[in-house]
Amino acid sequence: MPEIKLAENTVQLIKDVCAEFENKESELINVLHKVQGKFGYLPAEVQEVIAKELKMGVAKVYGVVTFYSFFTMIPQGEFPISICMGTACYVRGAEQVLAEFKRQLKVEVGESTDDGKFSINCLRCVGACGLAPVVTVGEKVFGRVAPNQVKKIIAEYRDEINNEEAKTA
Amino acid sequence: MAHHLGIRKIHYPGEMSTYREDTSPAIIREIDKCIMCRRCEMMCNEVQTVGVLSAINRGFSTVVSPAFEMNLDHSACTYCGQCVAVCPTGALTEVDDTGKVIRALADPTKTVIVQTAPAVRAALGEEFDMEVGTLVTGKLVAALRRLGFDHIFDTDFAADLTIMEEGTELLSRLGKHLAGDKDVKLPILTSCCPAWVKFFEHNFPEMKDIPSTARSPQQMFGSIAKTYFAEKMGVKREDLVVVSIMPCVAKKYECGRDEFKVDGNPDVDHVITTRELAALIKLSSIDFNSLPNEEFDNPMGESSGAGVIFGTTGGVIEAAVRTAYEIHTKKELPRLDFDELRGMEGIREATIDFDGLPIKIGIAHGLGNARKLLEDIQAGKSEFHAIEIMSCPGGCIGGGGQPYHHGDASILKKRQMAIYEEDRNKAIRKSHENPYIIKLYEEFLGKPMSEKAHHLLHTEYFDRTE
């Protein structure tokens, strides 16, 4: 059972997404996809609302969430880093790139940094094999990434964060 | 099986998945035995629409589990036990309470009494290779006596009592409704089935004032046994042990509900299923097939045919009609068999003429069918005055604790025939004509829905959505 009560507007947001797909059980994956797009992850409370809206068991929803590696119940960082582990990227050294990201950020795959800024995930082929190995941060794509560039990519976002904070301060 | 095929050693050991055991008040999940056939999942989601069980995770680590890998007792599980009924490997089973019963029987300081539900007598024989649909009422009583129970009673007695209370409640609500009272909730829904009660508490909490407040026959029996009967016998409440033989897994959960306890002492102490009783009889080396036919003890062993038909879908409402008709019209019923209420269709409806007053009756068995009727009520589309709901397909004869029928509907039909046969063979077929029920009201309860009856025989329901 959910321990955290969702804010009313959050619940409304989920309901709107469900309504967009006509509250159809068959649209579950699309609904989950869109809701995860909005929150970054799918906590238990969110799944309960979706199950209720689509008139299906929560267990089924949870079953789908745990089946597809794309869905996650763990909060993602503000800048989700994804390293492609598709065949092309893999043979061109994606594993070393991943190892470097893990070393720099001190987190494992599927985890977020303590400040909640970065999280690391693996994905399978973004369809840019010509740029292998590929790393995406949020919507942005980095191609031909070598392990020695990892530090620079992270620094780029750290700068962005610092600038943002300077502005608000 | 291994012996049959001559397997003494497993030559090809492979990796095995292991998973924690999950024990709830009624059902145990031992996932290590699961072969992922997913019949339970189909039953839980498509037939019962409870939606508690689903395959989760992926590949080798796939298991059938409630959402978020919670234990069953934290989920919306109704304990209807239909998952248990379809599980081919025993990964899902009822909690075995036979040990508790044996211990109680062995304790010389306890008076142990037993009640048997109507559906048990129509199915127990199957466990002893008798033909499906054989009534074994007499042998059942004989076996229980040999097991050492002090008094052998019948849940049907309490079923008659349920009809007195529920029937009176129906007439009272109906009377107010006809007089134009808008606050009176109709239809009235039966409340004998504990899985159904838990189902609406989880799924339709806003309608928890619609079902009858009458307790189930099992709980009425326990309540009367530990007050009226204990007093009569001069036995202290804590020295009286009430055991139920039920076709049902949810009854194990029901007897543990807090509202059915007095100072922590439950009205019904232990519940074992038809299957567990069969195992207990075999364990005790009783040759069931050659037992003589014996009679129930009095006062709580006498019942009418109306009490017997509680065991099948349509039976409770037929029993209620027999009594409510005569109380309302003050005339004798021209017939006792209401064929329009009988059958096996998932949702049935019929109109019974109460001497000029048409009473619309709905019947649903299987929680998926119940959900449909409830959604109609929610939408204000329901025109029924009374609805009977049973969680298990077929009613109690198809209960989760009955001998495995492996989805064979012809077995359910034969059990149903057996129940109607027992009804026809009864001298008394209307609950309000049961002499021991009349005596119980005279000596102890006053009249139906009296303050005392309300205290002992009625209950309340809770919102379980949080």
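The values are calculated or read from the model by the stated rules, or taken from the named source; none is laboratory data. The structure displayed is predicted, hence computed values, not measured ones. In this analysis, Cβ positions are derived from the backbone assuming ideal geometry, glycine residues included, and neighbour counts consider all displayed protein chains. Accessible surface areas use protein heavy atoms only, side chains included; no ligands, DNA or RNA. Shrake-Rupley method; radii C 1.70, N 1.55, O 1.52, S 1.80 Å.
Of the Cα atoms belonging to segment B:70-175, the radius of gyration and Dmax stand at 18.1, 51 Å. The residue among B:106, B:138, B:203 whose Cα reaches farthest toward the positive pole of the charge dipole of segment B:101-240, with charges on the beta-carbon of Lys, Arg, Asp and Glu, is B:106.
Using a ≥ b ≥ c from the Cα gyration tensor of segment B:22-94 (square roots of the eigenvalues), is it rounded, prolate or oblate, where a/c under 1.5 gives rounded and otherwise the larger of a/b and b/c decides, a/b for prolate?
Because its axes are fairly even, with a/c under 1.5, segment B:22-94 counts as rounded.
For chain B, the 222 nm mean residue ellipticity estimated from helices alone, with every DSSP H stretch of n ≥ 4 adding -39500 (n - 2.57) and the total spread over all residues, rounds to -9500 deg cm²/dmol.
Considering Cα pairs under 8 angstrom that are at least six residues apart, work out the relative contact order of segment A:79-168 and quote it in whole percent. If you can, show how the numbers build up before the last one.
Values: 127 pairs, mean separation 30.2, N = 90.
Relative contact order comes out at 34 percent.
Quick check of the Kirkwood formula: for segment B:327-383, what is the inverse mean of 1/r over all pairs of different Cα atoms, in Å? Can you show the working numbers first?
Values: mean 1/r = 0.0765 Å⁻¹.
One over the average 1/r among Cα pairs gives 13.1 Å for segment B:327-383.
Once the partner protein chains are put back, segment A:46-88 shows a loss of at least 40 square angstrom of accessible area, versus the chain by itself, at A:59, A:60, A:62, A:66, A:67 (probe 1.4 Å, ligands and nucleic acids excluded). Our summary of shape: the Cα atoms of segment A:62-166 have principal axis extents of 40, 36, 22 Å, ordered from largest down, in whole angstrom.
Computed from backbone phi, the HN-Hα couplings of segment B:80-93 come to 4, x, 5, 5, 4, 5, 9, 6, x, 10, x, 5, 10, 9 Hz, rounded to whole numbers (Karplus: 6.51 cos²θ - 1.76 cosθ + 1.60, θ = phi - 60°; Gly and Pro given as x). Solvent-accessible surface of segment B:22-94, averaged per residue with a 1.4 angstrom probe and all protein chains in place: 36 square angstrom. Between amide H atoms placed 1.01 Å from N, distances below 5 Å from residue B:63 occur with B:56, all of them 5 or more places distant or on a separate chain. Residues whose amide H comes within less than 5 Å of that of residue B:19, counting only those at least five positions distant or on another chain, are B:32 (H built at 1.01 Å from N in the peptide plane).
Considering only A:96, A:112, A:163, whose Cα is most displaced toward the positive end of the charge dipole of chain A, charges sitting on Cβ of Lys, Arg (+1) and Asp, Glu (-1)? Among A:96, A:112, A:163, the one farthest towards the positive end of the dipole of chain A is A:96. How many percent of the alpha carbon pairs in chain B exceed a separation of 31 Å? Result: 40 percent of Cα pairs exceed 31 Å.
Per-residue packing, averaged as other Cβ atoms within 10 Å, sorts the ranges B:29-37, B:47-55, B:396-404 into the order B:396-404, B:47-55, B:29-37, beginning with the highest.
Using a Förster distance of 30 angstrom, determine the FRET efficiency expected from the C-beta separation of residue B:347 and residue A:29, and round it to 0.05. Before the final figure, lay out the partial values.
On the way: r = 32 Å, r/R0 = 1.07.
In this case the efficiency is close to 0.40.
Sorting check: for B:187-198, B:94-105, which peptide has the highest mean count of neighbouring beta carbons within 10 Å, and how do the rest follow? Intermediate results must be reported in sequence, preceding the final value.
On the way: B:187-198: 25.8, B:94-105: 17.2.
In descending order of packing, they fall as B:187-198, B:94-105.
By the Cβ-Cβ criterion of under 4.7 Å, the unpaired cysteines of chain A are A:18, A:122, A:125, A:129.
Lys and Arg at +1, Asp and Glu at -1: add these up for the other residues within a Cβ distance under 15 Å of residue B:235 and post the number. It would help to have the intermediate numbers written out before the result.
Working: positive: B:110, B:226, B:232, B:236, B:237; negative: B:107, B:150, B:231, B:238, B:239, B:267, B:269, B:297.
Local net charge: -3.
Label sites at residue B:176 and residue B:339, each approximated as a point 7 angstrom past Cα along Cα to Cβ, lie 3.8 nm apart.
Legend: translational diffusion of the protein assembly as shown by Stokes-Einstein, Rh = Kirkwood radius over C-alpha pairs, 20 °C, 1.002 mPa s; D = 78 µm²/s. Note on residue B:30/residue A:55: beta-carbon distance plugged into 1/(1 + (r/R0)^6) with R0 of 25 Å gives a FRET efficiency of 0.20. The distance from the alpha carbon centre of segment B:21-51 to that of segment B:224-278 is 27 Å, rounded to a whole number. Of the solvent-accessible surface of the protein assembly as shown, computed with a 1.4 Å probe over protein heavy atoms with every protein chain present, carbon and sulfur atoms account for 52 percent.
Between the beta carbons of residue B:232 and residue A:15, assuming R0 = 51 Å, the FRET efficiency works out to 0.30 to the nearest 0.05. Looking at segment A:79-168, the accessible area is 58 square angstrom per residue; that uses a 1.4 Å probe and ignores ligands, DNA and RNA. The contact between chain A and chain B removes approximately 1300 Å² from the accessible area (both sides summed; 1.4 Å probe; ligands, DNA and RNA excluded).
With a sphere of radius 11 Å drawn around the Cβ of residue B:265, what net charge do the other residues whose Cβ falls strictly inside it have (Lys, Arg +1; Asp, Glu -1)? That sum, taken over residues with Cβ under 11 Å, equals -1.
Taking a threshold of 30 Å on the Cα-Cα distance, which of the pairs B:185/B:426; B:208/B:414; B:232/B:430; B:100/B:426; B:110/B:261 fall above it?
With Cα atoms farther than 30 Å apart: B:185/B:426; B:208/B:414; B:100/B:426.
Database note for chain B: Cys without another Cys beta carbon under 4.7 angstrom, B:34, B:37, B:44, B:77, B:80, B:87, B:192, B:193, B:248, B:255, B:392, B:396.
For the pair segment B:111-153 and segment A:1-71, the centres of their Cα atoms are 49 angstrom apart. To the nearest Å, what is the center-to-center distance of segment B:422-452 and segment B:308-322, using C-alpha atoms only? Distance between centres, Cα-based: 15 Å. Per residue, the accessible area of segment B:136-280 comes to 28 Å² when a 1.4 Å probe rolls over the protein heavy atoms. In this rough spin-label picture, where each label sits 7 Å from Cα along the Cβ direction, the residue B:89-residue A:123 distance is 3.7 nm. Counting only Cβ charges, +1 for Lys and Arg and -1 for Asp and Glu, the dipole size of the protein assembly as shown around its Cα centre is about 1400 debye.
Relative contact order for segment A:1-54 using alpha-carbon pairs under 8 Å, separation at least 6, rounded to a whole percent? Here the relative contact order equals 52 percent. Compared with the dominant principal axis of the Cα atoms in chain A, helix A:150-168 is inclined by about 60°.
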